[in-house]
Amino acid sequence: MHMSSVAALALMDIGILPKDDMAKQKALLTHEISHAIKDILNGMSAQEAINKMMEDDEEED
């Protein structure tokens, strides 16, 4: 899940995949969710992982 989203973003950046805004947003969301799942597997509660994901997203804006 993580690597497929990273690969899709990279392929969009180098022009192999079309730079479709919706596809890019889906790939970014998949990437963020994969990090939340990793956090949960490392012992964080689901709510903590979601909050962390949302905080990280706000920092990027």
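The values are calculated or read from the model by the stated rules, or taken from the named source; none is laboratory data. On a predicted model such as this, the values are computed, not experimentally measured, just so you know. Methodologically, a virtual Cβ is constructed for each residue, glycine included, from the backbone with ideal geometry; neighbour enumeration extends over all protein chains shown.
Structure data summary
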{"read-out": "Leading residue by the ranking (modelled with the lowest pLDDT) among those in region 1-40 that are part of a helix (DSSP H, G or I) and touching a Ser or Thr at 6+ places or on another chain (Cβ under 6 Å)", "value": "2"}
{"read-out": "Yes/no for residue 50 being of a type in the set (Val, Ile, Thr) and either touching a strand residue (DSSP E or B) at 6+ places or on another chain (Cβ under 9 Å) or surrounded by 13 or more Cβ atoms within 10 Å (Cβ to Cβ) (or both)", "value": "yes"}
{"read-out": "Checklist (1) without any contact (Cβ under 8 Å) to a residue 24 or more places away in the chain; (2) within 14 Å of the chain's Cα centre (by Cα) applied to residue 5, failing item", "value": "(1)"}
{"read-out": "Some residue of region 41-53 being outside any loop (DSSP other than H, G, I, E, B) and at pLDDT below 90", "value": "yes"}
